1. So the label point goes 7 Å from the Cα of S62 along Cα→C-beta, right? Which residues of the stretch 22-54 then have their backbone N under 18 Å from it?
2. Between the alpha-carbon centers of the stretch 1-37 and the stretch 52-121, tell me the distance in whole angstrom.
3. What distance in nm separates the simple spin-label points at D72 and Q3, each placed 7 Å from Cα in the Cβ direction?
4. Which three semi-axes in whole Å describe the equivalent ellipsoid of the stretch 57-116, each the square root of 5 times a Cα gyration tensor eigenvalue, listed largest first?
5. So what are the ³J(HN,Hα) numbers for the stretch 57-62, from phi and the Karplus equation (6.51, -1.76, 1.60; θ = phi - 60°), rounded to whole Hz, Gly and Pro as x?
6. If you roll a 1.4 Å probe over the stretch 17-101 with all protein chains in place, what percent of the accessible area is carbon or sulfur?
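The values are calculated or read from the model by the stated rules, or taken from the named source; none is laboratory data. Owing to the predicted nature of the structure, the values given are computational and were not obtained by experimental measurement. Cβ atoms come from the backbone with ideal geometry, glycine included; neighbour counts cover every protein chain shown. Note: areas computed on protein heavy atoms with side chains; ligands, DNA, RNA excluded. Shrake-Rupley method; radii C 1.70, N 1.55, O 1.52, S 1.80 Å.
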Amino acid sequence: QVQLVESGGGLVQPGGSLRLSCAASGSFSVINNMGWHRQAPGKQRELVAGISSGDTTNYADSVKGRCTISRDNAKNTVTVYLQMNSLKPEDTAVYYCNMQGRTLRSPFNSWGQGTQVTVSS
């Protein structure tokens, strides 16, 4: 089983920056796609940014130019980051990381527990 642990959320003023991190633990043989999603109150969960195993990235139109997703493949673990700049009140949401890949036995699709990002003055 692959578990994801997120960190880095918090309260920030409009125009500020935050960096979210998500580390994978457990037994996995490969992680292919990683992404950050968010869900604001009363709204559906949406993709913010994604990165493939080949480092191809994609972003929601609402965050293009303000956010950067990256990954760090270290021995026995993988971490995905989301650098968010020029934050706006409408970026307020719970942010979830997602990773898809394979263990030795089967594919997996894991989600983090969520981290709150609040943009407010």
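1. 35-50
2. Computed from Cα coordinates, the inter-centre distance equals 5 Å.
3. Distance between label points: 2.1 nm.
4. Values: eigenvalues 134, 36, 23 Å².
For the stretch 57-116, the ellipsoid semi-axes come out as 26, 13, 11 Å.
5. 10, 9, 9, 5, 4, 5
6. Answer for the stretch 17-101 is 44 percent, counting heavy atoms of protein chains only.
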